[in-house]
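The values are calculated or read from the model by the stated rules, or taken from the named source; none is laboratory data. Predicted model, so just to flag it, every value in this text is computed and none were measured. Note that each Cβ is placed from the backbone with ideal geometry, even for glycine, and that neighbours are counted across all protein chains shown.
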Amino acid sequence: MNVDDNKIIITIIGADQIGIVAKITAILAECKVNIEDIKQSIMQDFFVMFMLAQTGQSSLTFNEIKEKLTKAGKEMNMEIWVQKKAIFNKMHTI
Amino acid sequence: MNFFNEESILETINMIRIHNLDIRTVTLALSLRDCMDSDVRCVGEKIHEKIIRYAQYLKHYADEIEEEYSIPIVNKRIAVTPISIIGESCKKPNYVYLAKILDKAADEVGVDFIGGFGALVEKGMTKGDIMLMSSIPEALAGTNKVCSSVNLASSKAGINMDAVNKMAEIIKLSAQLTVKNDGIGAAKLVCFCNAPGDNPFMAGAFHGIGEPECALNIGVSGPGVVRAAIESLPKDTSFGEVANKIKQIAYKITSTGELIGHELAQKLGIPFGIIDLSLAPTPAIGDSVAGIFRAMGLEHAGAHGTTAALAMLNDAVKKGGIMASSHVGGLSGAFIPVSEDAEMIEAASKGYLTFEKLEAMTCVCSVGLDMIAIPGKTPVETISGIIADEMAIGMINKKTTAVRIIPVPGKDVGENAVYGGLLGKAPIIPVNNLSSENFVKRGGRIPAPIHSLNN
C-alpha cells in the first residue's frame, strides 16, 4: 500500500469559537491519528482550518474516524470534511 | 508528494458543496455471451447468476469510496451485451422474460438502471433483432430498471430505414403502454447512429461486441462547476481564454473521475474501462448546460449563437479531459437533454428552444435529440422522419447521434410530461406538421456516405 493512502485532509468550516482545535486534536489523538500539518485562516468571515493527518497507526477504519469527527463538528455547529488526500493530489497536479 | 495547499483544498470542496460536482455514474459493463443456451429458462438463470456474481459488491464499494472522498456517486448501473444476440441462441426466444430477469438482478444488487436490452441493426435485422425490437414496449412497461437502445445507422453502413420505421412504431407504443406515467417507457429507449460500445450513460449503455469480459466505466459530470468558472471571468474575456478555463476545469473533473474509477475497479477486482467526460445536467438549480450558455453571454438557450457556444464547450471539455485520463471513451462531451436541465426546460417552455434549433445543436453536442416531449398525436411517419434526420447528421459527420423522444399520450403542446428524479419534466414542444410519410415508406437503406470530398 502506498504511504499516501493513509493520509487524510480534514477541513473545518464555520464561525470561529473557543476550543475548535482542542476538540478536533483530542479526537485525533484518541484515534491514534498523527497530525502532520495544520493551517488556518479566515475566509469570507468564516473560520477555516485544514489538517493533514496520517491514519497508519490507528486501529479504526476511515469511516469510524470520519464519524467521530463529523459528530464533533455537529456539536460545534461547524462543517467538517474528511477526505483521503489522493483526491487533491489528483485534481490539482498534472 | 507533500501536497497541502489551502486554496486548492477549498476549491475542490466548493466544487462539490456549491457547484454540484459529482461522479454521475459508475457502470459495470459485463459480457453475457457465455450465457447463451437453447433453453430460454437456462439463459435467464445464467444471466441472473452472472450479474449477481459480478455486481453484488458494486453498490457497497461505490458507497465506501463516496465516503472516503466525500464526492457523491449518483448512479450505480450495469451495461450488458445487446440482449438480441443472447436471446437468439434459444429455440423459443422470450425477450420479455429476459428483460424481467435483468430487472430482477438489477434490483437485487441495488443498481439504478441496467442497459443493453437492445440490438445493433444498422445494416440489417436478424430474426432475433426483430423479435427483441417487437418486445421492447412490453419489456419497458413491465420493468422498472431496464433501458433499451437500438443502433439504426453508422457512417460505415448507412441508415437502415426499415429499422427506423419499426423503431418509430415502437417508440409510440412504448409511450402508449406507459400512459399513466406520461409515456415514461419511451424515456428509457434510445435510437443511435454510431453507438459507442463503452458508454456508461443511460438509456444508451450497453456492452459492445469488441469489449472485454467485464470493465468498470465511469461517467463524470459538473456543468455547475464549468458555469461558475466562466462566471468568475470578466464579461469581455475572449473566447480563447474562456476555452482555456473550460479545459482547466474539465481536467480537474476528469482526473477526479479517473481516481474514483481506478479505485472502484481495483476493489471490484475488474479492469478499469474508460472514463466518459460528459457534462450531464440535472434538474437541480445551477446544474445546467443551458446555464453555461448564459454565462457565456447569451440571453438564453436558443438564441442565435447557441450552436457556436455548444460547439466550443463540447470541444474544450474533450481537450481538457483527455489529458487527465489514460482511456477516454463513451459519449464524452456536453449533453443537452431537455427535461433533465432546469434552464433548458425554461427555454423550451418559453418557446426560445424549438425542435429545429435542438436539431442544429445536435450537430455539435455529444449525443442528440434527448428527452424531448412531443405531442402524443404525432404520426409514426413523422417520428420516422425525426429519427432519419438525426441519424443522417451522425452518419455524415462521423459522430454519435441519438434520439430519445417521448410522444406523450393524450397530451399536446403547452402541457408538460412529468417524470421526477433525474428524468425531470418536459414541456411538450411542437413538431413540423408536414407529412414525411411517402419519404420514409420507401424503406430499404440509405447508402453509406462517401468518406472523401468533405465539403
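B:Gly320 - would you say it is buried (at least 23 other Cβ atoms within 10 Å of the Cβ) and either farther than 21 Å from B:Asn433 by Cα or not hydrophobic (A, V, I, L, M, F, W, C) (or both)?
On the way: buried (at least 23 other Cβ atoms within 10 Å of the Cβ): yes; either farther than 21 Å from B:Asn433 by Cα or not hydrophobic (A, V, I, L, M, F, W, C) (or both): yes.
Yes.
The conditions are (1) farther than 15 Å from B:Glu11 by Cα; (2) touching a residue at least 40 places away in the same chain (Cβ under 8 Å); (3) among the hydrophobic types (A, V, I, L, M, F, W, C), and B:Ile249 fails exactly one of them. Which is it?
(1)
So if I check each of B:Val403, B:Val413, B:Val418, which one is surrounded by fewer than 21 Cβ atoms within 10 Å (Cβ to Cβ) and assigned to a strand (DSSP E or B)?
Checking each option against the conditions leaves just B:Val418.
What number of residues within the stretch B:231-265 are more than 22 Å from B:Lys59 (Cα to Cα), more than 14 Å from every other protein chain (Cβ to nearest Cβ) and not in a loop (DSSP other than H, G, I, E, B)?
9
For B:Asp389, are the conditions met, namely being at pLDDT 95 or above and either touching an Asp or Glu at 6+ places or on another chain (Cβ under 6 Å) or not in a helix (DSSP H, G or I) (or both)?
Values: at pLDDT 95 or above: yes; either touching an Asp or Glu at 6+ places or on another chain (Cβ under 6 Å) or not in a helix (DSSP H, G or I) (or both): no.
So B:Asp389 fails the test.
Any idea which residue in the stretch B:195-219 is nearest to B:Val74 (Cα to Cα), counting only those that are over 11 Å from the mean Cα position of the chain (by Cα) and among the hydrophobic types (A, V, I, L, M, F, W, C)?
Start the filter on the stretch B:195-219 by keeping residues that are over 11 Å from the mean Cα position of the chain (by Cα), which leaves B:197-198, B:207-218.
Restricting the remaining residues to those that are among the hydrophobic types (A, V, I, L, M, F, W, C) gives B:209, B:214-216, B:218.
On the way: B:Ile209: 27, B:Cys214: 21, B:Ala215: 19, B:Leu216: 15, B:Ile218: 11 Å.
Per the criteria, the residue is B:Ile218.
Out of B:Ile18, B:Ile23, B:Ile9, report the one residue that is surrounded by fewer than 18 Cβ atoms within 10 Å (Cβ to Cβ), under 26 Å from B:Gly219 (Cα atoms), of a type in the set (A, V, I, L, M) and within 14 Å of chain A (Cβ to nearest Cβ). Let's see the steps before the verdict.
Details: B:Ile23 fails: surrounded by fewer than 18 Cβ atoms within 10 Å (Cβ to Cβ); B:Ile9 fails: surrounded by fewer than 18 Cβ atoms within 10 Å (Cβ to Cβ).
Among B:Ile18, B:Ile23, B:Ile9, only B:Ile18 is surrounded by fewer than 18 Cβ atoms within 10 Å (Cβ to Cβ), under 26 Å from B:Gly219 (Cα atoms), of a type in the set (A, V, I, L, M) and within 14 Å of chain A (Cβ to nearest Cβ).
Can you find even one residue in the stretch B:327-336 that is over 22 Å from B:Ala295 (Cβ atoms) and in contact with a helix residue (DSSP H, G or I) (Cβ under 8 Å, 6 or more places away or on another chain)? Reasoning before the result, please.
Just the residues of the stretch B:327-336 that are over 22 Å from B:Ala295 (Cβ atoms), to begin with: B:327-331.
Filter again for in contact with a helix residue (DSSP H, G or I) (Cβ under 8 Å, 6 or more places away or on another chain), leaving B:328.
Yes: one or more hits.
Taking helices (runs of 4 or more DSSP H) that fall entirely within the stretch A:5-94, which contain at least 1 residues that are within 14 Å of another protein chain (Cβ to nearest Cβ)? Before you say what the answer is, go through the steps one by one.
Numbers: elements: A:20-30, A:62-75, A:86-92.
So the answer is A:62-75, A:86-92.
Can you tell which of B:Asp287, B:Asp315 is out of contact with any strand residue (DSSP E or B) (no Cβ under 6 Å at 6 or more places or on another chain), of a type in the set (D, E, K, R) and part of a loop (DSSP other than H, G, I, E, B)?
Numbers: B:Asp315 fails: part of a loop (DSSP other than H, G, I, E, B).
The conditions single out B:Asp287.
Would you confirm whether or not the stretch B:52-61 contains a residue that is assigned to a helix (DSSP H, G or I), free of Cβ contacts under 8 Å to residues at least 40 places away in the same chain and either more than 14 Å from chain A (Cβ to nearest Cβ) or buried (at least 22 other Cβ atoms within 10 Å of the Cβ) (or both)? Give the steps one after another, and end with the answer.
From the stretch B:52-61, those assigned to a helix (DSSP H, G or I) are B:52-55, B:58-61; that's our starting set.
With free of Cβ contacts under 8 Å to residues at least 40 places away in the same chain added as a condition, the list becomes B:53, B:60.
Checking which are either more than 14 Å from chain A (Cβ to nearest Cβ) or buried (at least 22 other Cβ atoms within 10 Å of the Cβ) (or both) leaves us with B:53.
Yes, the conditions are met somewhere in the stretch B:52-61.
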